[in-house]
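Since the structure comes first, as structure tokens, the remarks are kept for the end.
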């Protein structure tokens, strides 16, 4: 069984919702990411979404754009990100890791080579923002061959027809984008999200995670009422940005890890309440 | 519009793309999920209105009376004689309203936006030519217009920024990434994804997700259709070669497309070699890049070995883009078109050559095509014919040229 599937089954048994933090790998420096991943798990993360930095992140708002830029100053590549995950797996064989990024770095590596390396590193799912299933004729089989879950987005503009198509190819979980817009948007309408999730639930038995616009324990808890997983990204990356310019990387990393852990703990408490 | 032929053997090159926007392995739709539905809506509108006689009549009327079409096909007699080879004809897109071919496309897309009931227009721009052409037609229809422009480019192209403002557009400075055209395109996509209900995104070149490459081509193909009729009138036969500069490639595909099934016509696309292909400091993805995925389509790109898009350089801001329209990538791979590159220095010489021999001051973009014609024409016979697309006029570049020549105003 895939780690992601196992994770959701266990959560269901425990009557709990998944907390899924997103951070960009290598942000604000390559040293932080491994420690940050472990500390996020200690603070209540069930699944980790790790952003692969890309020069042209067209689906991301300013907060995650800057995260990519900071990571790219150190040249953090897809290969580097896989290396970090391999290290993470040395002491954590339980927490699922999902890569989130754009197609071109994967395209350049080659789908088969990527899938083989990602699987070897201990990746569980891959969410590539700019590849719809229509273009994924060779991408999806490459992931499946190595037991990686292809994770796809559904959005407020996705028709029921497309939902069916997408759910046919997706595994692991479905990621519902809560708002029309880029990451880090402010206005999230919980009632509207709940209504869309009802439609999605008619179509698929896969767990649904909701992201884009979850800012704090309160929105996390509200979304936790209607979805199986809550994805939080920009709110955490903001904390990276605020501390990125500390005197030393060591200083910055300590503060970032501490503040992100606090936010995740509060979200965990709210979700479990 | 492309139509499917029943018989595979009858399939023509001009039948591309397929219904999902593929030119062979290139093109397609590589966008976040939220844009899939708006792109489908756009595709349907484009297919519908291209077959609607009322729409075509309105478009033709605007092209004639507002843009000033047809543009002349001018025999550059003196320049041809000096080069001592083929007869060179210039397709005078520089004489269009706003001074370049860009307006053919913005007039067309704006009419589509109007028919689709969109009230807010967004665009990206590099040098500012497409931004100006968009702001111009938006002013005419009284639509809100927002133009995204890299902060670097805003500094380099202050005059065009002011022109857009005079036309009532809001110019938004893009501070992310390399702060140039590619980042402006990213930002426009982000705006579109956020405001899809009332917003129409006018992409300026034959790139981006389907249907943009095909749609922009179809709006620009008026260049090649006219040129074909005009050369038949002048010479009674088709040309031997076509030459056009390539950034995203919209002026080039506009000239090439109506000739694409005429296999005796050679096709040359001229990219910007900047400081030289060997220096890496250029904007020539077809000559020196690799296939990848950016801005919604698969195409040749300037990228590093990890798939990150790398900075480009050209003296001509309009060619300074790391990608290229997917149809060009396909034409390159199947060998139908030849893609070459000329340096900044060669283009500047082309600028001066044409100005001095013909009294026509070309845009620095078009000067790349000129520089290649000066190489190509002498290798051809005197009874052979070249049509070169003079895609824009050079007034906007006078400051750049003067600075390079060491002149201060």
For A:73, A:166, order by how many other beta-carbon atoms lie within 10 Å, fewest first: A:73, A:166
If contacts are Cα pairs under 8 angstrom and at least 6 residues apart, what is the relative contact order of segment A:3-272 in percent? 23
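How well do other chains shield peptide A:96-105, expressed as the mean number of their Cβ atoms within 10 Å of each residue Cβ?
Across A:96-105, the average partner-chain Cβ count within 10 Å equals 3.
Roughly what % of DSSP beta bridges within the protein assembly as shown run antiparallel, to the nearest 5? Walk me through the numbers before you get to the answer.
Values: 16 of 76 bridges.
Given both bridge residues lie in the protein assembly as shown, the antiparallel proportion sits at roughly 20 percent.
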Got a sec? Which residues in segment A:146-178 would a label at residue A:112 touch, if it sits 7 Å along Cα→Cβ and we count backbone N under 13 Å? A:146
Gained length - residue A:225 relative to residue A:189, 0.36 nm times residue gap less alpha-carbon distance: 11.6 nm
Taking R0 as 51 Å and r as the Cβ-Cβ distance between residue B:25 and residue A:269, the FRET efficiency 1/(1 + (r/R0)^6), rounded to the nearest 0.05, comes to 0.50
Take B:304, A:27, B:281 and order them by how many other Cβ atoms sit within 10 Å, fewest up front. B:304, B:281, A:27
Need the full-extension length gain, residue B:159 to residue B:10, defined as separation in residues times 0.36 nm minus the C-alpha distance. One decimal, nm. 48.7 nm
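How would you order B:258-270, B:19-31, B:212-224, B:239-251 from highest to lowest mean count of nearby Cβ atoms within 10 Å? It would help to have the intermediate numbers written out before the result.
Working: B:258-270: 19.2, B:19-31: 21.8, B:212-224: 26.0, B:239-251: 28.5.
Ranked from most to least packed, the peptides come out as B:239-251, B:212-224, B:19-31, B:258-270.
Round to the nearest 0.05 the FRET efficiency obtained for residue A:215 and residue A:262 when R0 = 22 Å and r is the Cβ-Cβ distance.
Working: r = 14 Å, r/R0 = 0.66.
Calculated transfer efficiency: 0.95.
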Name the most mobile residue of B:339, B:300, B:74, meaning the one with the largest mean-square fluctuation, in a Gaussian network model of chain B with Cα contacts below 10 Å. B:74
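Translational diffusion coefficient, Stokes-Einstein: compute it for the protein assembly as shown using the Kirkwood radius over C-alpha pairs as Rh, at 25 °C and 0.890 mPa s, and state it as an integer in µm² s⁻¹.
Values: Rh = 26.1 Å.
Estimated diffusion coefficient is 94 µm²/s.
If the chain between residue B:175 and residue B:349 were fully stretched, how many nm would it gain, using 0.36 nm times the residue separation less the Cα-Cα distance?
Details: separation 174, 0.36 × 174 = 62.64 nm, distance 3.34 nm.
Extending this stretch completely gives an extra 59.3 nm.
Quick check on chain A: what are the equivalent-ellipsoid semi-axes from the Cα gyration tensor, as sqrt(5λ), descending, whole Å?
Numbers: eigenvalues 128, 101, 64 Å².
After scaling each eigenvalue by five and taking roots: 25, 22, 18 Å.
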For labels at residue A:15 and residue B:402 in the simple 7 Å Cα→Cβ model, what's the distance in nm? 7.9
Considering chain A as a Gaussian network with a 10 Å cut-off on Cα pairs, which listed residue, A:24, A:192, A:67, attains the greatest mean-square fluctuation? A:192
Whole-angstrom gap from segment B:9-26 to segment A:52-99, using each part's C-alpha centre: 37
How high is the relative contact order of segment B:283-409, given as a whole-number percent (alpha carbon pairs under 8 Å, six or more residues apart)? 18
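May I ask you to sort B:205, B:279 by Cβ crowding, counting other Cβ atoms within 10 Å and putting the fewest first?
Working: B:205 31, B:279 11.
In order of increasing Cβ crowding within 10 Å: B:279, B:205.
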Summing -39500 (n - 2.57) over every DSSP H run of at least 4 residues in the protein assembly as shown and dividing by its residue count gives a helix-only mean residue ellipticity at 222 nm, to the nearest 500 deg cm²/dmol, of -13500 deg cm²/dmol
Given R₀ = 22 Å, FRET efficiency for residue A:87-residue A:250 by Cβ-Cβ distance, to 0.05? 0.75
Using a 7 Å offset from the Cα along the Cα-to-Cβ direction at both residue B:264 and residue A:201, what is the distance between the two label points in nm, to one decimal? 7.0
Beta bridges per DSSP with both ends in chain B, % antiparallel, nearest 5: 30
Between segment A:143-205 and segment B:105-121, how many Å separate their Cα centres? 30
Listed residues B:106, B:343, B:119; largest mean-square fluctuation, Gaussian network over chain B with Cα springs below 10 Å, found at B:119
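Quick note: the coordinates plus some simple rules give every number you see, no bench work behind them. Keep in mind the model is a prediction, meaning the values are calculated, not measured. Counting neighbours? That spans all protein chains shown, and the Cβs are built from the backbone with ideal geometry, glycine included.
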